[in-house]
């Protein structure tokens with residue numbers, strides 16, 4: 001069985017919202033959690049205070065509690081975290097929503113009513129992509145438990161989408177007449193505090209850098225420093241090798257109407273990530 005831990009970046013005033021899920025094999029999860037705890041201990045020592053969790057936004061910018069860490073040191077640890085993630089051979093799924101385009105479509109009545117926020121749209125897209133990717137695996141190996149960050153979201157609408165998926169979602173993963181809807185999702189999604197669930201913090205880490213990548217690549221937000229664009233591109237390029245497969249998230253051809261909807265609202269640079 002697999003467990004997918006979700007977090008998001010860009011659901012405030014940012015131009016792009018990104019939802020990311022870290023897919024972990026349940027049998028290997030405990031080692032990853034131990035490694036992440038060890039990383040927090042190291043960062044706590046460098047900061048001079050105990051860290052209960054890693055907020056990537058503050059870490060990257062050098063905000064409190066990371067003011068004592070200079071830019072090169074933070075960049076070093078970011079590179080090490082990305083290398084560690086790739087070496088652990090965990091996969092990830094993601095969905096990106098260009099919020100201005102989303103609002104235009106919603107105002108014009110071109111979006112399904114259930115996709116009432118960019119977060120719900122991105123989260124449900126990730127669930128559909130996981131079903132598409134995992135349904136070909138043998139027996140229960142593709143069965144996936146969903147765990148989301150519980151901060152700042154209305155859990156009810158997403159839970160209802162997963163438990164009672166609308167008919168328009170069936171074509172995304174080629175549901176047959178005799179197939180159960182979202183057959184590889186285990187139960188309703190769960191919502192947890194990221195302080196208590198370290199893998200949600202890993203999802204936050206990935207979501208942040210995917211968002212910064214698209215903002216800079218598409219000139220939506222200027223770089224914060226001279227080397228930021230090539231550095232972000234290198235980091236995201238390395239991460240892209242652990243994606244569950246762009247053909248499951250943003251297929252380049254043969255898209256059904258539902259897949260086309262998600263494709264159309266994703267910034268072009270995140271439809272296919274290039275290092």
Just 192, 259, 96 to compare: in a GNM of the chain, with alpha carbon springs under 10 Å, which one fluctuates most? 192
Largest first and in whole Å, give the semi-axes of region 119-171's equivalent ellipsoid, each being the square root of 5 times a Cα gyration tensor eigenvalue. 21, 14, 9
With N denoting the number of residues in the chain, provide Rg(C-alpha) divided by 2.2 N^0.38 Å, to two decimal places. 0.98
Tell me the mean residue ellipticity at 222 nm calculated for the chain from its helices only (DSSP H runs of n ≥ 4, each -39500 (n - 2.57), averaged over every residue, nearest 500). -14000 deg cm²/dmol
Between 130, 146, 161, where does the largest GNM mean-square fluctuation fall for the chain, given springs only between Cα atoms within less than 10 Å? 161
Over 10 Å intervals from 0, what percent of Cα-Cα pairs in region 119-214 sits in each interval? 14, 44, 33, 8, 0
Could you work out the percent of alpha carbon pairs in region 208-275 separated by over 19 Å, rounded to a whole number? 36
When only alpha-carbon atoms are used, what values of Rg and Dmax, in angstrom, describe region 42-115? 18.6, 52
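Just subtract the alpha-carbon distance of residue 79 and residue 224 from 0.36 nm times their residue separation and send over the number in nm, one decimal.
50.4 nm
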Rule-of-thumb check for region 162-202: C-alpha Rg over 2.2 N^0.38 Å? 1.58
Pair residue 252, residue 27: separation of 7 Å Cα→Cβ label points (nm): 3.4
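Could you give the length gained by full extension between residue 110 and residue 241, i.e. 0.36 nm per residue of separation minus their alpha carbon distance, to one decimal place?
Contour length minus the Cα-Cα distance gives 43.8 nm.
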Rounded to the nearest 5, what % of the DSSP beta bridges within the chain are antiparallel ones? 60
In Å, what Rg and Dmax follow from the Cα atoms of region 1-84? 14.4, 41
Largest fluctuation, 245, 156, 122 only, Gaussian network model of the chain with Cα springs under 10 angstrom, belongs to 156
Counting only Cα, what are the radius of gyration and maximum Cα-Cα distance Dmax of region 54-175, in Å? 18.4, 53
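Coordinate-derived values only; no laboratory data. Worth saying up front: this structure is predicted, and the values here are computed from it rather than measured. Using ideal geometry, Cβ is built from the backbone for each residue, glycine included, and neighbour counts are taken over all protein chains shown.
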